1. Just the number please: accessible area per residue for the protein assembly as shown, 1.4 Å probe, all protein chains included, in Å².
2. Using only the heavy atoms of the protein chains and a 1.4 Å probe, how would B:Met128, B:Met82 rank by accessible area, largest first?
3. Of the listed pairs B:Lys31/B:Lys252; B:Lys108/B:Lys252; A:Lys99/A:Lys126; A:Lys24/A:Lys136; A:Lys24/A:Lys74, which have alpha-carbon separations greater than 18 Å here?
4. Counting only helical runs of four or more DSSP H residues, what would the 222 nm mean residue ellipticity of chain B come to if each run contributes -39,500 (n - 2.57) and the total is spread over all its residues?
5. Each residue of the stretch B:237-248 in order: what ³J(HN,Hα) in whole Hz does its phi give by Karplus 6.51 cos²θ - 1.76 cosθ + 1.60, θ = phi - 60°, with x for Gly and Pro?
6. So how strong a dipole does the stretch B:3-280 carry about its Cα centre when Lys and Arg Cβ are +1 and Asp and Glu Cβ are -1, to the nearest 20 debye?
7. Is the shape of the stretch A:1-85 rounded, prolate or oblate, going by the alpha carbon gyration tensor and its root eigenvalues a ≥ b ≥ c, with a/c under 1.5 for rounded and a/b larger than b/c for prolate?
8. If B:Ser282, B:Ser216 are ordered by their accessible area, calculated over protein heavy atoms with a 1.4 Å probe, which sequence runs from highest to lowest?
Amino acid sequence: MTQLGFYIDQARCIGCEACVIACKDKNDNPVGVNFRRVYSFEEGSFTEDKNGSFIQNIQSYFLSISCNHCDEPKCVENCPTTAMFKREEDGVVVVDQDKCVGCRYCEWNCPYGAPQYNEELGKMTKCDLCIDLLEKGERPACEGACPVRAIEIGPIDELRAKYGNVSEVKGLPTASITKPNLVINTHKDASE
Amino acid sequence: MNEWPLLIFTIAMQAAIGGIFMLWVYQLRCKDKENLDMFNLFKIPLVIIAGFSLVGLGASFAHLGAPTNAFNTLRHVGSSWMSREILVTGMFIGLTFITAAWAFYRKKVSPWLLLVTALVGFIDVYCMAAIYSNSLISPWNSIHTFMSFYGTTFILGSVLAVALLATALYRQKMELEAKQFTKVALIIAMLGIALQVIGTALLPVTMTEVNMIEASAITELLSGYTGMVTLRWIISILGIALLFFLAVSSYKKSFAALSFIMLLTFVMSEGMSRYVFYVLGS
Ligand code: SF4
Ligand code: SF4
């Protein structure tokens, strides 16, 4: 099995959310359901100096996150119906809509907010890495839409060989919980 | 707050489980009273407790987005606490109905059925708590969840038993019995309260670090609900005072009315406590 995963170049990300929109459009998701989300982080403040000027230590950065198709997916482990499962062939984690009972337990067990409940269906939905597009030899929606090429999808071994092993940045939960298939090029303000 | 069905489910099931346990406690105390018509005393409590478990079952279905797939929830008993809980809840409800049906059919109560049902019920409370304490939601990811759930089981079980069983004893002119049993219930309710007090004290200490994206620290979350938490404890203290009064005074005329007020008081305080539990997590 070749495990697929994401490379996110956080240093490049400008927070435009083109990936969010492309994903939403491709999956035809209703309001509030976002398989990919861009989180923004800000900290620091402006303080007045003695001579009346201002000094600041503002730090801000963005992080685009969807499902990381984890090696130890707690969503799969805890799903009572086995609807949430990891595919043998590529390690992509998907929801079998025929089995899902809509209990939302997977939401409580994903560190990344990946499972997205669809009220209309009464069932869980999530990023499937655009496996349908990949099969046709096309690029997944988010990857194709990013204007700064901050997202790359591929076999995680290759991504790690190219970009390293970082999968935790400031603002993200520890990778030890689910072992995400994610590589990040950390923004300067987001290194821990 | 959008977890109302889960709130009703956990409260109703824990009341039913505690109630069955208290019926078992009562029959244990009266084992050698040969001429006591246990069936007559137990029939209404049994029906009401079975009713509670059905309310719980209904609420649990209301929580599901696709209830027609409900049977699928038993597919992952090997690794999902939710699966295990649904299995054990089903067993408890089944056993409660068997216990009631047996009593009505044989016109006598089976202590063994009561005991087995209560034990399965206690396992069920464990499974319920494990669902939350194994999740990544930090206010739930703590031993506090277990103490809170077992606390509610003992509290609601004993006050339910006072309202249903002690009043029946009064009606049958067994005043001494009624009073003694109310004292036992008081002790068990106090035990439940003690579990909850210790659990609440432990919550900030045993909390896990934030392990979900965009989650807030628990102390921050809790600070928004201090008013409600305080009110909940005041109501609990009122309830205990009322239960204490029922256990010691010989004022028996309004025993039934007072015991129902006390039951309502505790349903309210436990409901509020559970409400805070769910808003902290969602
Ligand atoms: S990111 Fe969340 S939903 Fe995706 S596999 Fe990991 S735990 Fe499951
Ligand atoms: S909502 Fe569906 S996929 Fe998620 S845990 Fe429940 S049954 Fe599994």
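The values are calculated or read from the model by the stated rules, or taken from the named source; none is laboratory data. These figures come from a predicted structure and were not determined experimentally. In this analysis, Cβ positions are derived from the backbone assuming ideal geometry, glycine residues included, and neighbour counts consider all displayed protein chains. Surface accessibility is based on the protein's heavy atoms, side chains included, excluding ligands, DNA and RNA. Shrake-Rupley method; radii C 1.70, N 1.55, O 1.52, S 1.80 Å.
1. On a per-residue basis, 45 Å².
2. Most to least solvent-accessible, the answer reads B:Met82, B:Met128.
3. Beyond 18 Å between Cα atoms: B:Lys31/B:Lys252; B:Lys108/B:Lys252; A:Lys24/A:Lys136; A:Lys24/A:Lys74.
4. Taking each H run of at least 4 residues, the total per residue is -26000 deg cm²/dmol.
5. Running phi through 6.51 cos²θ - 1.76 cosθ + 1.60 with θ = phi - 60° gives 5, 4, x, 4, 4, 5, 5, 4, 4, 4, 6, 9 Hz.
6. 1100 debye
7. Verdict is prolate for the stretch A:1-85.
8. If we order B:Ser282, B:Ser216 from most to least accessible, we get B:Ser282, B:Ser216.
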